[in-house]
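First up is the structure itself, then whatever we jot down about it.
The values are calculated or read from the model by the stated rules, or taken from the named source; none is laboratory data. Every value quoted in this text rests on a predicted model; they were computed, and no experiment measured them. Cβ atoms come from the backbone with ideal geometry, glycine included; neighbour counts cover every protein chain shown.
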Amino acid sequence: MNEKILSLGEKCLRLIPAETEVVSFLGGKPVVRSPFDWPRKNNKPLGFIAQLDLEEINVNQSIEWLPDSGRLLFFYDFEEWPWGFDPHDKGGWAVIYENGSGDLYSHELPGDLSDEHVAPSIKYLKAKSFTSYPDAQRISFEEIGLSEDEDDEYYDFIDEQYGVEPRHQVGGFPTPVQNDDMEEECHLVSSGVDCGGSEGYNSEKAKQLRRQENDWRMIFQFDSDDDIEVMWGDMGMLYFWVRESDARKRDFSAAWVVLQCS
């Protein structure tokens, strides 16, 4: 690959299987140091899907806008399966930052959480430094010295970087299954614009919002994963996003989710 393409890379953290039991994992139960209120929507508990211990994965401040301690707990609504393009989807997921000082303990699941909404197994994770590259939708092939009909070469290059393991990731560029305008989607929908069709995207409110700073960053890309029998739609991915300004304040209460599948 030429130097222009390599210069497009953005550092991130790739999440891969850990050989030992750690405090970052997919599935299972939250392992925390202090109690928290389990998130619910319509009086039903959300499903717990993952936990990232930042002292394990971000100890060297690889993602400098994320804390280097504490735990991020991720939840999702398996009753409604929100896609994230409708403002009414709000509350269909949650990201909780827990940073207590007590001993680690396994938090019990709510008694009214359906067994169908609990991952059948657990997958422990560790992080490695990784370089992500933008999807072809984000770039000008002319500027990087490729012709438009060489997009397969570019995608082959990206595939080589990831290999065959699921593309679980923190930070960096997403791997979109559909469109690659998720930052804008989060910015618009979280402000009340329905992005389920062109009407919302072309609305006067959307035009005004585009004039504002957009500092949405991908906090967690959760790929479909056979190891824990998780499939997001048809070979899809779940993307958690947060404003960088909020993350620096350790506030993840306004995180947004985008679900994409084939």
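When the residues of the stretch 227-261 are filtered to those that are farther than 15 Å from H168 by Cα and polar (S, T, N, Q), which remaining residue is surrounded by the fewest Cβ atoms within 10 Å (Cβ to Cβ)?
Here the answer is S253.
Can you name the residue in the stretch 222-259 that is in contact with a Pro (Cβ under 6 Å, 6 or more places away or on another chain) and either part of a strand (DSSP E or B) or polar (S, T, N, Q) (or both) and, of all such residues, is farthest from D89 (Cα to Cα)?
Result: D225.
I need the full set of residues from the stretch 209-226 which are surrounded by 15 or more Cβ atoms within 10 Å (Cβ to Cβ), charged (D, E, K, R) and within 18 Å of I16 (Cβ to Cβ), in order please.
D223, D225
Looking at the stretch 196-206, is at least one residue in a helix (DSSP H, G or I) and either closer than 30 Å to P67 by Cα or β-branched (V, I, T) (or both)?
No; the residues of the stretch 196-206 include none that is in a helix (DSSP H, G or I) and either closer than 30 Å to P67 by Cα or β-branched (V, I, T) (or both).
Pick out the one residue from K90, K126 that is closer than 21 Å to Y76 by Cα, touching a residue at least 40 places away in the same chain (Cβ under 8 Å) and of a type in the set (K, R).
K90
If I ask for residues that are outside any loop (DSSP other than H, G, I, E, B) and either under 15 Å from the mean Cα position of the chain (by Cα) or within 13 Å of L15 (Cβ to Cβ) (or both), which ones from the stretch 160-183 would you list?
Listed by number, the residues that qualify are Y162, Q169, V170, M182, E183.
If you take the residues of the stretch 72-100 that are in contact with a Ser or Thr (Cβ under 8 Å, 6 or more places away or on another chain) and farther than 20 Å from N43 by Cα, which of them is modelled with the lowest pLDDT?
G100
Of all residues in the stretch 151-208 being touching a Lys or Arg at 6+ places or on another chain (Cβ under 9 Å) and hydroxyl-bearing (S, T, Y), which is farthest from E244 (Cα to Cα)?
Y162
What number of residues within the stretch 114-159 are part of a loop (DSSP other than H, G, I, E, B), modelled with pLDDT under 90 and out of contact with any Gly (no Cβ under 7 Å at 6 or more places or on another chain)?
Residues flagged as part of a loop (DSSP other than H, G, I, E, B), modelled with pLDDT under 90 and out of contact with any Gly (no Cβ under 7 Å at 6 or more places or on another chain) within the stretch 114-159 amount to 10.
If a residue counts only when it is surrounded by 18 or more Cβ atoms within 10 Å (Cβ to Cβ) and of a type in the set (S, T, Y), which strands (runs of 3 or more DSSP E) contained entirely in the stretch 17-113 have at least 2 such residues?
none
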